[in-house]
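The values are calculated or read from the model by the stated rules, or taken from the named source; none is laboratory data. If you're wondering where the values come from, they're calculated on a predicted model, not measured in any experiment. Cβ placement follows ideal geometry from the backbone for every residue including glycine, while neighbour counts extend to all protein chains displayed.
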Amino acid sequence: MRFVLAILTLFLTLSSVFQWDPGPAPGVKIKNFLLYMLVMGLVFSYANGRKFKIQLQSMNVTFIVLIAYSIFTYLAIVLFIDYPRYDVLISAFDLKNRAVDYMLFFLVFFYGTRSEKDATFVLKCLLLSWIVSHAVAVLDAFGYVQIGDIERRSDGRVQGAVGESNQYGAFVALTLPGAVAMALASKGWRRWIWVAASALTAGTLLMTVSRGAFVAVFVATVFGAYLFRRYLSLGKIFTWGLMAGGALLVILVIVSLSFGDLLYERVVADFSSKDMSSTSSGRTEIWSTAIAMMFQHPQTLLTGFGWNAYWIMPFRYSPHNYYLAQWFNLGLPGLICSVLLLVIPVRTALRSFAVAPDRLRMPLAGFVVATITYATATFFVDLYVPWIYFWAYAGVSMRLAMIAREAVPEPVTANQPVLAPQRGDPYGWIGAVRH
């Protein structure tokens, strides 16, 4: 199963980076075909007698509630509200692609990896595929290659296969903690490969010049250090901080040779401005306009306007905020479920980290910091393609979390004496009643 998941990861990368995704039938992409085949394979496998245990029920329930409410609001629009310019067919496909498929990616990578070997292999394949996409974006930015639709923006910022610079910056920020965690967990020559991958990822992040991604990395680093403070000594924090700071300084100097003026303009000059709208690149005006419309229809503060309704409103720009988009479209049920789907994996990974063997601790810590980074970055941008990668990452990481929990021996209580091992008793004499 892990090799099929690795092939799915390969075609995800080929589709996103190289714009190559031929399908077995018109309108059917290989990555979607593999996804649905994996789902069917898991269903048939467990239906034919393989032992199946439902795990992470809270994640499953939250996904189901979010999808069910999305379908309910979609049907309400189609059958009763009838918004002008609302495309019924496109919205239906969006619901399948951006709600149902997200859950399927999580479930396939969660239940498709049954062992630690499977999960570790698939995790490395995921991270390496992301790093390959970053390498292609960097090479394209410097003019060495021209692959797919990747091209440098007119303002000089690097963008990648998953979207424009801000979206791509959030995706690169998601990659960085995972790559650093693999570097710390590896040994020998493999560690140097992951160190190089981490340096490439950090350099790519700087080249996107995405302030939202920069803020996300800073917030996640501080919050992550707080969450894992019990496991980090001051000496280790100082050593790692000094090494990371030195490496980042070197990368910053190299990147600044081509991006120095752009970094100064967007990070220093814009942040020193007293105009909040200018500092936020107009996001505060976008957010206030959307919230003002909700207050004009107070019931939508609870229910939302319905699935995909934002795009038929008289707004000029996208919401530039994942949480605002969920609240505007799906109300409080959608917002709460969306936040829970980020909180539950972090909480699960933290609890498993406390009992995990050393070899699993770094991947779990990397996932926690990566999720916090991603959750912070999505406050400043609305994402599409990266969500598929995130849910695959979450699925395989949650498998590692479950494996870490299962590896813990059952504690012996005070009222339960430890029984000495008994010798074989083929005749049934031990425990027999004496008359």
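The residue list ALA365, ALA377, ALA370 contains one member that is in contact (Cβ under 8 Å) with a residue 40 or more places away in the chain and more than 20 Å from GLY212 (Cβ to Cβ), which is ALA365.
Does TYR86 qualify as being assigned to a loop (DSSP other than H, G, I, E, B) and either crowded, with 18+ Cβ neighbours inside 10 Å or at pLDDT 95 or above (or both)? The answer is yes for TYR86.
Note on region 336-357: among residues that are within 17 Å of the chain's Cα centre (by Cα) and free of Cβ contacts under 8 Å to residues at least 60 places away in the same chain, the one that is farthest from ALA401 (Cα to Cα) is VAL339. Is it the case that LEU56 is surrounded by 14 or more Cβ atoms within 10 Å (Cβ to Cβ), closer than 19 Å to ASP101 by Cβ, modelled with pLDDT of 80 or more and in contact with a Pro (Cβ under 9 Å, 6 or more places away or on another chain)? So LEU56 passes the test.
Got at least one residue in region 189-198 being of a type in the set (A, V, I, L, M, F, W, C), surrounded by fewer than 15 Cβ atoms within 10 Å (Cβ to Cβ), more than 20 Å from the chain's Cα centre (by Cα) and at pLDDT below 60? No, because not a single residue in region 189-198 is of a type in the set (A, V, I, L, M, F, W, C), surrounded by fewer than 15 Cβ atoms within 10 Å (Cβ to Cβ), more than 20 Å from the chain's Cα centre (by Cα) and at pLDDT below 60. For LEU184, the test of being closer than 17 Å to PHE367 by Cα and modelled with pLDDT of 90 or more is failed.
Let's see how each residue does on (1) of a type in the set (A, V, I, L, M); (2) part of a helix (DSSP H, G or I):
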site	(1), (2)
MET103	yes, yes
PHE109	no, yes
ARG114	no, no
VAL122	yes, yes
CYS125	no, yes
VAL132	yes, yes
ALA137	yes, yes
